[in-house]
Amino acid sequence: MEDAIFRRDRCTCRVCGAEAPSVFLRTDYVIDPERGGTDEDNMATYCAECYNEKHEKMIITPLEMMQARRAQLNQLMAWKNDNHRLGRDQVKIVKDYIHSRMLQDFTLNRAGDFQIEKHIRNYGLVSVLDKVDEAYFSKIKFKDDKITEESAVEFMKAIGAFLYVEQAGELDKAIRYTAGICRNNIGQYCWKECLRRLDDYVRALKPHYSEEQIILDIKSTVQKRTKYISNLPDWRAFMNNHELEMLRAKGKLA
Ligand SMILES: [Zn+2]
C-alpha cells in the first residue's frame, strides 16, 4: 500500500513538495480515518518534517530517518530501473544528496558531476551515497556556521578515496579466499605462488575491466574452476588460459 502511494505521488511530499532521497518520506491519512475513508484516496505522502508537524510532535526521529534512508533509496532505484531511466538520474540523486548536505554553501561544478558519474559507474549508487556520508562526517568543517571551502574540497576527494579503499578490501578478500582454495586442494606449499599469480592476473585485467567486474570474475569463474583442480601445473595452465580469454574478450589480443 505505502509503495503504491509513494509511486502515485512521485516520491514528493504533498505539503512542501520536497522529494526523496533528499528527505525521508512517510505515508499518512489526509483526514482522520474515523471521519474519512481508509482507502488509498485518503492517504498521501509526507516528508518527515511535515509529518512531524502534522502530528505536532517528533514522531520520526533523525536516527530513524538515517536508518530508513537506505531502504527507501533501494526502493527508489527499483522504480527508476522499472522506468528504464538512465544513469543520469543516479547522478542527480547523488548531487541532490550532496547539496542537501552542503546546505547551499557550495554546488558541484562540471568536474564534480563527472567525478560522481564515474564513481557510480564503478561502485554503484548505494556505496557512493554511503561514502558521501562517511566523507561528510570526517572532512567537513564549519566556520561561522558556514562550510569552509578547504573542507568542501577535502570532502569531494575523500568520497573517491573511501570508495577505493572499500573496493580494494573486497578484491583483496576475493584473492585471499581463492589462494585458500588452492592451498586446500593442491597443498600448503603453493599458497604464496598462487597469491602472486592472482595478483598478476588482477594487474593484467585492471586496464580493461572495472574492479567490480574483476571481483565478480574471481568469485564466479576463477574460484569455481579452482575448486576442481588438484595440482599446480593444471592450475597454472588454467590461469594462463583464463587470462588470455579475458583479454581476448576485450579485443586486447589477436
Ligand atoms: Zn514536506
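The values are calculated or read from the model by the stated rules, or taken from the named source; none is laboratory data. Fair warning: this is a prediction, and the values are worked out from it, not measured in the lab. Don't worry about glycine lacking a Cβ; one is built from the backbone with ideal geometry, like all the others, and counts go over all protein chains shown.
Among the conditions (1) of a type in the set (Lys, Arg); (2) in contact with a helix residue (DSSP H, G or I) (Cβ under 9 Å, 6 or more places away or on another chain); (3) under 26 Å from residue 247 (Cβ atoms), residue 95 misses just one, which is (3).
Scanning the stretch 57-69 for residues that are at pLDDT 65 or above and either in a helix (DSSP H, G or I) or of a type in the set (S, T, N, Q) (or both), we see that the one that is nearest to the ligand (Cβ to nearest atom) is 65.
Number of residues in the stretch 192-208 that are modelled with pLDDT under 90 and surrounded by 14 or more Cβ atoms within 10 Å (Cβ to Cβ): the value is 0. Look at the stretch 17-37 and say how many of its residues are on the phi < 0 side of the Ramachandran plot, near the ligand (Cβ under 10 Å from one of its atoms) and free of Cβ contacts under 8 Å to residues at least 12 places away in the same chain. Looking only at that region, the number is 0. Of all residues assigned to the stretch 46-56, at least one qualifies as being part of a helix (DSSP H, G or I), without any contact (Cβ under 8 Å) to a residue 40 or more places away in the chain and basic (Lys, Arg). Picking from residues in the stretch 5-16 that are part of a loop (DSSP other than H, G, I, E, B) and under 26 Å from the mean Cα position of the chain (by Cα), the one that is farthest from the ligand (Cβ to nearest atom) is 10.
Anything in the stretch 178-191 that is at pLDDT 90 or above and of a type in the set (Ser, Thr, Tyr)? List them, or say none. Selection gives 178 alone.
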